[in-house]
1. Check Gly17, Gly65, Gly77 and return the single one that is touching a helix residue (DSSP H, G or I) at 6+ places or on another chain (Cβ under 8 Å), more than 16 Å from ligand 1 (Cβ to nearest atom) and outside any loop (DSSP other than H, G, I, E, B).
2. Within the stretch 225-257, can you find the residues that are crowded, with 23+ Cβ neighbours inside 10 Å and over 25 Å from Gly11 (Cα atoms)?
3. Take the residues of the stretch 100-118 that are among the small types (Gly, Ala, Ser) and in a strand (DSSP E or B): which is farthest from Arg254 (Cα to Cα)?
4. Every residue in the stretch 152-199 that is outside any helix (DSSP H, G or I) and surrounded by 16 or more Cβ atoms within 10 Å (Cβ to Cβ), please.
5. If you check Asn78 against the conditions, is it surrounded by 14 or more Cβ atoms within 10 Å (Cβ to Cβ) and at pLDDT 95 or above?
6. Going by what's in this entry, would Lys192 be described as among the charged types (D, E, K, R) and touching a Phe, Trp or Tyr at 6+ places or on another chain (Cβ under 6 Å)?
7. Quick one: which residue in Ala90, Ala121, Ala134 is in a strand (DSSP E or B) and under 21 Å from Tyr164 (Cα atoms)?
8. Any residue at all in the stretch 2-13 that is more than 16 Å from ligand 2 (Cβ to nearest atom) and at pLDDT 95 or above?
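The values are calculated or read from the model by the stated rules, or taken from the named source; none is laboratory data. Quantities reported herein were computed from a predicted structural model and do not represent experimental measurements. Cβ coordinates were reconstructed from backbone atoms using ideal geometry, including for glycine residues, and neighbour counts include every protein chain displayed.
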Amino acid sequence: MNKYLHVFLLGISYKLGLTRPINLPYQFTIEPTNICNFRCVFCPQSNPEHRFLRKQGYLTVDNIGRFINEVKRVRPGNRNISLTLDGEPAMNKALPDFVKLINDRGFLPRFSSNGKLLTPALTDKLVSAGSFLASVDFASKPEYFDNVRGREGDYDIVLVNLRYMVDIARYNPGIKMELVNISHFSGADPVKSLNDMKRLFPDNLPANIAFWSREFHNFGGHLKTTSGSNYKLCPYPWTSFTVTWEGDVVPCCRDTLARTVLGNVFSHSIHEIWHGERYQNLRKKLVQRKVDEIAACEKCDLPWSGGQRRWNPRYVLSSLMRR
Ligand code: SF4
Ligand code: SF4
């Protein structure tokens, strides 16, 4: 489907709060693994019980192939496939195979990584596999990084890895990078620390290498945040389709524990799940503001957070079009 038409149709479905949207999903995400080598303090992975709350495992090449074939049938306007949810994608040794397979089927893979396992050797394999977008959380100083990620020495390893990938990406527009500043979680000034972080890399980098500061959310209730009282309808159930490594479909990438399962993509089609009773019920409850009746959403700060800018239709549309 044409990208503009797809965004237009999802905008109508969301605005009218249709429990059965006119369009099929726009953004597709599948989880390579729910296992991580870090325990960041802002992430549910830092809960010592986390690994017992959901079965741990890895997406296989066969299963991602089945999923991408299904996505091809939907023909979304957006050509990106995100490899993320819970866990570190590079913990799955098949990550370069996923990148190749997604490229071969005509899509662009994106993944978020903590960067520790993105060694020069792995970067070389990923680059040989095709185009991709890698988003990596980083910081301007080791102390800000260690404060969140907890292990001394990791900052220098990640910096070496990122500099190697930046050196490749600056001459290869098919490799896109987002270097995301998290220093402000440790109390640093977001603007100054972002500028300091940029100075760790060469000047005048091309537009395929972007830098910004992360906007933190409460990870489905993991963090205590100040919530507003002004309810906004969450757009994810009208736009995004998020799948765990086992094929379970969840409302969005904040549901890392798969508290609300809407179907399984290895046993039903995307069309059946998207228009199924469970998805319709989720949308109905969100429209009726019965967030506390949805396990995934009851503690999420998204419907209660964000300034005018975040909910401005022009901002939402431009975010979708960039994807
Ligand atoms: S934020 Fe990412 S790197 Fe940190 S513990 Fe969570 S999944 Fe792992
Ligand atoms: S309300 Fe929160 S948890 Fe629920 S779908 Fe939206 S972002 Fe996800």
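1. Of Gly17, Gly65, Gly77, the one residue that is touching a helix residue (DSSP H, G or I) at 6+ places or on another chain (Cβ under 8 Å), more than 16 Å from ligand 1 (Cβ to nearest atom) and outside any loop (DSSP other than H, G, I, E, B) is Gly65.
2. Thr244, Trp245, Thr256
3. Our first condition is that a residue be among the small types (Gly, Ala, Ser); within the stretch 100-118, this holds for 106, 112-113, 115.
Okay, now just the ones that are also in a strand (DSSP E or B), so 112-113.
Working: Ser112: 14, Ser113: 16 Å.
Applying the filter and picking the extreme gives Ser113.
4. If we filter the stretch 152-199 for residues that are outside any helix (DSSP H, G or I), which is where we start, we get 152-153, 170-182, 187-189, 199.
If the condition is that a residue be outside any helix (DSSP H, G or I) and surrounded by 16 or more Cβ atoms within 10 Å (Cβ to Cβ), then Arg170, Ile175, Lys176, Met177, Glu178, Leu179, Val180, Asn181, Ile182, Ala188 are the ones that fit.
5. On the way: surrounded by 14 or more Cβ atoms within 10 Å (Cβ to Cβ): yes; at pLDDT 95 or above: no.
No: the conditions fail for Asn78.
6. no
7. That would be Ala134, the only listed residue that is in a strand (DSSP E or B) and under 21 Å from Tyr164 (Cα atoms).
8. So in the stretch 2-13, the residues more than 16 Å from ligand 2 (Cβ to nearest atom) come out as 2-9, 11-12.
With the extra rule that they be at pLDDT 95 or above, the set shrinks to none.
Within the stretch 2-13, not a single residue is more than 16 Å from ligand 2 (Cβ to nearest atom) and at pLDDT 95 or above.
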